[in-house]
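Here the structure comes first, spelled out in structure tokens, and everything after it is commentary.
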Amino acid sequence: MSAPLRLGWIGCGTHANEMLLPQVTRHDVVLQAICDISQDSLASTGRRYGVAPENRMSDWRALLARTDIDAVGLAMGPQQHHEVGLAAIARDLPLFIEKPPAATSRQAQELADAAKARGVPVVVGFMKRYSTANRIAANVIHGPEFGATASFLGQYMTAPTYFAKDVDYTGFYLHHCVHYFDLIPHLMGEVATVSARRHELEPGKLLLHVDFRFRNGGLGTLVMGTHQSRGTPMEWWQVMGDHRRVEVRNLHEVRYFRSPPFKVSRGDATLADGEDTLVWEPNFTVAANEDHKGYHAILGDFVRAARGEKLDLPDAAAGARALALLEQAIASAEADRPR
Ligand SMILES: NC(=O)c1ccc[n+]([C@@H]2O[C@H](COP(=O)([O-])OP(=O)(O)OC[C@H]3O[C@@H](n4cnc5c(N)ncnc54)[C@H](O)[C@@H]3O)[C@@H](O)[C@H]2O)c1
């Protein structure tokens, strides 16, 4: 049996504590050292995950300089991801970077170029690809039976959480919208053009309709906005091909529709393999620690990539692509402001 992966973790805020560290430590890793500029976060994270006080650090450069870590995880923020990410790559440390990997596509491309030049595996935290429902649906869409994708239609909403004081949509764009600028090309293939229309219900409540044309000729529409409650599920998408379509509802239901005949006049009407609709739902009644959101699965790929496995995963280039598409959509939406 191989030794556990020795992990250094930088950025011990809410997301690391609640979603990433609980899942990454279910893999074969040892949390060797953690880093945060907040002493409170360091102390509480260290206690919670059993990291000894001497391995709790406030200087990320000192953490990267350690010789007893095999890989690094970052959950800080866009600016820091870029700076610390470049430094980790320069030390040849395999890297998990939460999204967004940088504040701009140009910076994200620098990360991608550096990772490629040094051959360092980088996994960007686009876990939407890894949620069980999205994985099932993507595998159906990419399977030989489905054929060419014709359309994407979806919505991915949030609330005006980020705007208590300042109406600044940067956080909405970078922290929320960016996910779907990775998921959509993952499902549909390369994007040829993207544009967007905007409607501001009132300051802080922004609605975007984003329009895609894919290289294969297919079309897409994505609705995103900040005017729905976070107390409700807010994610739905559908991909259509020729006489078949896949729908994912709020990550907890997949439906695969094919081309069954009418059943009304058939005395022997039944549900037939190969033509009727297939449905998947998670089994919340079983006593198993299943993470259907995708954090456990993406971090598993990170651990495998850090050990040298070559995998199809959201790499630094995917991070740069997502940010470039996001920037095009924002520019188009800005041009759509009422004058
Ligand atoms: N994929 C998802 O579902 C998801 C959900 C939430 C957040 N995120 C991403 O995770 C990242 C962190 O988000 P969060 O909500 O945990 O934010 P947060 O503010 O709670 O955590 C960030 C942490 O980084 C620390 N930090 C900042 N600068 C540092 C430095 N120079 N050195 C060491 N530590 C430093 C902060 O002190 C803080 O504890 C963001 O990029 C966000 O987009 C992803």
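The values are calculated or read from the model by the stated rules, or taken from the named source; none is laboratory data. The model shown is predicted, which means the values in this text are computed figures rather than measured ones. Please note: Cβ atoms are built from the backbone with ideal geometry, for glycine as well, and neighbour counts cover all protein chains shown. With ligands, DNA and RNA removed, areas are computed over all heavy atoms of the protein, side chains included. Shrake-Rupley method; radii C 1.70, N 1.55, O 1.52, S 1.80 Å.
Some points to look at:
- Area of Lys99 that stays accessible when all protein chains are in place (1.4 Å probe, Å², to 10): 30
- Computed FRET value (nearest 0.05) for Trp280 with Arg118, which takes r as the C-beta separation and R₀ as 41 Å: 0.55
- Across all directions, the shadow cast by the convex hull of the chain built on its C-alpha atoms averages 21.2 square nanometres.
- Based on alpha-carbon atoms, the Kirkwood radius and the radius of gyration of the stretch 131-287 give Rg/Rh equal to 1.05.
- Relative contact order of the stretch 221-337, defined on C-alpha pairs under 8 angstrom at six or more residues apart (%): 13
- About the Cα centre, charge dipole magnitude for the chain (Lys/Arg +1, Asp/Glu -1 at Cβ), debye: 200
- Average accessible surface area per residue within the stretch 131-287, 1.4 Å rolling probe, Å²: 53
- Cα-based equivalent ellipsoid, the stretch 12-167: semi-axes from gyration tensor eigenvalues, Å: 30, 20, 18
- The chain - mean residue ellipticity at 222 nm from DSSP helices (-39,500 (n - 2.57) per run, n ≥ 4, rounded to 500): -9000 deg cm²/dmol
- Accessible surface of the stretch 178-276, 1.4 Å probe: 50 percent of it comes from carbon and sulfur atoms.
- If you look at the Cα atoms of the stretch 221-339, you get an Rg and a Dmax of 20.4, 63 Å.
- Accessible area, probe 1.4 Å, largest first, for residues Asp315, Asp113: Asp113, Asp315
- Annotation: aspartates and glutamates with alpha-carbon distance below 16 angstrom to Lys116 (same-chain offsets under eight excluded): Asp92, Glu309, Asp312, Asp315.
- As computed over the stretch 146-215, the Cα convex hull volume per residue (Å³): 91
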